[in-house]
1. Using a 10 angstrom Cβ neighbour count of at most 13 plus a DSSP loop assignment to flag exposed GluC sites (Glu not before Pro), which longest range of the chain is free of such sites?
2. Would you mind calculating the gained length between Asn125 and Asp22 on full extension (0.36 nm times residue separation, minus the Cα-Cα distance), in nm to one decimal?
3. At a Cα cut-off below 18 Å, give the aspartates and glutamates reachable from Lys108, other chains included and same-chain residues fewer than 8 away excluded.
4. Quick one: Debye curve from the alpha-carbon atoms of the chain only, equal weights, vacuum; give me log10 I(q)/I(0) at q = 0.12 Å⁻¹ to two decimals.
5. Can you give me the Kirkwood hydrodynamic radius for the stretch 117-226, using every pair of distinct Cα atoms, in Å to one decimal?
6. If you stretched the chain out fully between Glu64 and Ser259, how much longer would it get, using 0.36 nm times the residue separation minus the C-alpha to C-alpha distance?
7. Lysines near Lys84 by alpha-carbon distance under 24 Å, same-chain residues fewer than 8 away left out - which ones?
8. Can you give me the Cα centroid spacing of the stretch 246-286 and the stretch 94-132 in angstrom?
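Computed from the coordinates by the stated procedures, all read-outs in this text should not be read as laboratory data. The shown structure was predicted, so the numbers you read here are calculated from the model rather than taken from an experiment. In this analysis, Cβ positions are derived from the backbone assuming ideal geometry, glycine residues included, and neighbour counts consider all displayed protein chains.
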Amino acid sequence: MEQGIALSPSGAHSQHDTRYVDEFSITELVNRQIAATAPQRLADIVTALTRHLHDFAREVRLSENELMAAIQFLTQVGQTCNDKRQEFILLSDVLGLSMLVTAQNNRKPQGCTESTVFGPFHVENSPEHAMGDDIANGAPGEPCFVRGVVRGLGGEPVANARIEVWQADEDGFYDVQYDGMDQARARATLRTGPDGAYRFRSILASSYPIPHDGPVGKLLAALGRHPWRPAHLHFLIKAEGYETLITHVFRNGDHYLDSDAVFGVRQSLIADWVRHPAGPGPDGRLLTAPFYTLDFDFALNPLPGDPCTART
Ligand code: BEZ
Ligand code: FE
């Protein structure tokens, strides 16, 4: 039964309304406490959060034990965070919240490369590499040559775009997940050439489970969900006059494309990794084992009002 703000028994508002609050009217009472001097955006967010949280508790008829279990769970999530591990991001990811926020903040015209989740394994200032370099730096995995062109929405090549790329190795780990690893592996910063082209050598991307030895992993297991992500490369592309693009390229045929633990897959981001027998690679050097190639072009969204890039 929906009820309004607490009223005194006489039926009139009184300065003692708070003393007559019940499980329904408490929502308005909490929100009434926010001072008029609070920043408007903060007030709006906390008001809506309170409303949804209270509606949720009423809908599931949350018990006191369940509230305590939830508090313990969130405490463990916080205690699992350290400089290498961000369990709250994982929680947001597996609940689909990260992808929802990504989607609603990155609406783009048709034809632009879609955005997807950032993930917790990006590192600022990864080493700069020249076009065509091998960025694996010893990361284990079959060789893979990646190339493509960065364009604007109108098809114009974007020169000197800053591309950051990072990926897991064949064992499913990013360099930062190894204890004592002080070198960047399978991670680099590159620049597109005057024709918008980029290319580098790395290793084949593999599917991997997100870290699941903590409270988020326990939650997934309790829900009967797996922690796997389909094989992908991460890209962060910045270029003057264009919106920054944070995205992945996913490997076609991967077993987990339709059950990504963090809901990041988009059809337009799936590409073919082509397997080649041992022989000369795209850089002309002889490879003694099979290798892969991936071609993927990106289309950046011009910033509104930028005279260099805006569409007319
Ligand atoms: C990743 O792709 O690196 C990632 C994304 C979300 C959670 C964990 C890992
Ligand atoms: Fe990843």
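1. Numbers: sites that count: Glu2, Glu23, Glu124, Glu240.
Result, exposed sites excluded: 125-239.
2. Stretched fully, the Asn125-Asp22 segment lengthens by 31.7 nm.
3. Here the aspartates and glutamates satisfying the reach criterion relative to Lys108 are Glu156, Glu240, Glu243, Asp297, Asp306.
4. -0.91
5. Over the stretch 117-226, the inverse of the mean reciprocal pair distance is 15.6 Å.
6. Numbers: separation 195, 0.36 × 195 = 70.20 nm, distance 3.35 nm.
Here the answer is 66.9 nm.
7. Straight-line reach from Lys84, under 24 Å: Lys218.
8. 16 Å
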